[in-house]
1. By its C-alpha gyration tensor, with a ≥ b ≥ c as the square roots of the eigenvalues, how is region 231-392 shaped: rounded for a/c under 1.5, else prolate for a/b larger than b/c, else oblate?
2. What does the highest-first list of 252-259, 43-50 look like by mean Cβ count within 10 Å?
3. May I ask for the net charge around VAL152, where only other residues with Cβ less than 12 Å from the Cβ of VAL152 are counted and Lys, Arg are +1 while Asp, Glu are -1?
4. Which entries of LYS252/LYS303; LYS41/LYS111; LYS259/LYS279; LYS303/LYS336; LYS41/LYS173 have Cα-Cα distances beyond 27 Å here?
5. What ³J(HN,Hα) values, in whole Hz, does the Karplus curve 6.51 cos²θ - 1.76 cosθ + 1.60 give for region 380-390 when θ = phi - 60°, with x put for Gly and Pro?
6. Quick one: dipole size for region 272-333, taken about the Cα centre, charges +1 on Lys/Arg Cβ and -1 on Asp/Glu Cβ, in debye to the nearest 20.
7. Please work out how much length the chain gains when fully extended from ASN363 to ARG122, using 0.36 nm per residue of separation minus the C-alpha to C-alpha distance, in nm with one decimal.
8. Based on the Cβ-Cβ distance from GLU299 to ALA265, what FRET efficiency comes out when R0 is 22 Å, to the nearest 0.05?
Amino acid sequence: MASSFQFLLLGSSFMYLTFVSLAQTFHSPNALVFPITKDVKTLQYVTTILHGTPLVPIKLVVDLGGPFLWTDCASRYASSSSRPVPNRSIKCLTAKAHVVGSKNCLSGAQKCEIFPENSITRLGARGELVEDTIAIQSGDDSKAAGLTATVVQQFLFSCAPPFLLNGIASGAKGMLGLGRTRISLPSQISSALGTHRKFTICLSSSEGIMVSDQGPDHGSFFGPEISRSLTYTPLVTNQGDNLLPEYFVGIKSISIEGKRLSLNASLLSLDGEGVGGTKLSTIVPYTMMESTIYATFIEAYIKAASSMNMTMVASVAPFSLCFSSKGIESGKSGQKVPVIDLMLQSEMVKWRILGGNSMVRVNNEVMCLGFLDGGLNPRTSIALGGYQLEDTLLQFDLGSSMLGFSQSLSMMQCSCNSVFKFDSWPVEPL
């Protein structure tokens, strides 16, 4: 066992030296890329980064609205470059200023304490703010040059107790936060490399990708046709004392097959305390709606489905509305079922959800609507889940506070798992 571990460290040390050399010769990468895979058991999205000295791969669950990276440090080897962040230091104060719940840490503590949370189980704990080295894949526009890596020193993250790992994908050692804070992954990368606070994510039912912006030609990484197809909408923030790290969009109304639903406008808006509104989530597998919104939505969908001669069948958990697949045509964007439109800042700006992102095939004979009842008093009125985000290019510009989104890539005979391949990244997580 010991000899195997020594061999692993020797291999990792060689890999570390290789990556440092590559990073030194790769001065201006156009993009830092993260392969994202979907865990079939938990429906969570996971990625792998290289972390510590020597660099070793660490598997993390991607949390779009998470404030920072946290990991179970106790189960990992001791990194020689890991350093605790002192309390009351500039880095500690920066972290606490932008992380909800971390401002009132023990004033007498010597180490900087923040509060990592498992956003799946909603359990949190006191954790220690630490800095260490990470390495990330780099690629250029042409894709012909393949991949190399960029090393980021003094990357801030939180150690967390092992019980926070409960409920996350097998083998994952923590969560990778991409949210709107100064210590999220996109913010730290842009600060370290002097680039725009912008990243693009493209989820898939199998293999997807996240790209951190590294220059003005970032969009061409996905091809000019896809980049030009993006529609833009403002990212909404609450105006309270604690700004939320999640990404919210302003939905004005919802229509099904062109018929607008009668909804409570106050539920669709985000108030100063961070209640209501519509957020995008990689943690919620299927879109969740506040109960009164859901009831109106389901009633309208049943009417639209009936007009299309769709046959309702017994529900299949966790879904409440299911249909027979018999006689339902399929096109390049999935089953031909009622179209759902989310109207954003105006009637002209809409997020269209077609069959491929609305219907979940549970077996050969039954398909179910992938929208769930979120209860009467959820903090967020609508949480757009991972299934509804798949095969849609999402570009988050934190600097301008804008979201760019594509139509379903299936309409362009494309998908997120065909956008980019990672054949030259053979490292497997521990």
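1. On the way: a/c = 1.90, a/b = 1.76, b/c = 1.08.
Prolate shape, in that a/c is at least 1.5 and a/b is the bigger ratio.
2. Values: 252-259: 17.0, 43-50: 21.9.
The peptides rank, most packed first, as 43-50, 252-259.
3. Values: positive: none; negative: GLU131, ASP132.
Neighbour charge sum, excluding VAL152 itself: -2.
4. Values: LYS252/LYS303 22 Å; LYS41/LYS111 37 Å; LYS259/LYS279 23 Å; LYS303/LYS336 15 Å; LYS41/LYS173 16 Å.
Pairs exceeding the cut-off: LYS41/LYS111.
5. With coefficients 6.51, -1.76 and 1.60, one gets 10, 5, 9, 10, 6, x, x, 4, 6, 8, 5 Hz.
6. Numbers: 4 positive and 4 negative charges, 50 e Å.
Its charge dipole is roughly 240 debye.
7. Numbers: separation 241, 0.36 × 241 = 86.76 nm, distance 3.11 nm.
Full extension from ASN363 to ARG122 adds 83.6 nm.
8. Working: r = 18 Å, r/R0 = 0.83.
Result of the calculation: an efficiency of 0.75.
Bear in mind these aren't lab numbers, they're just calculated from the coordinates by the rules spelled out. All of these numbers come straight from a predicted model, not from anything done at the bench. Cβ sites come from the backbone with ideal geometry, for glycine too, and all protein chains shown count toward neighbours.
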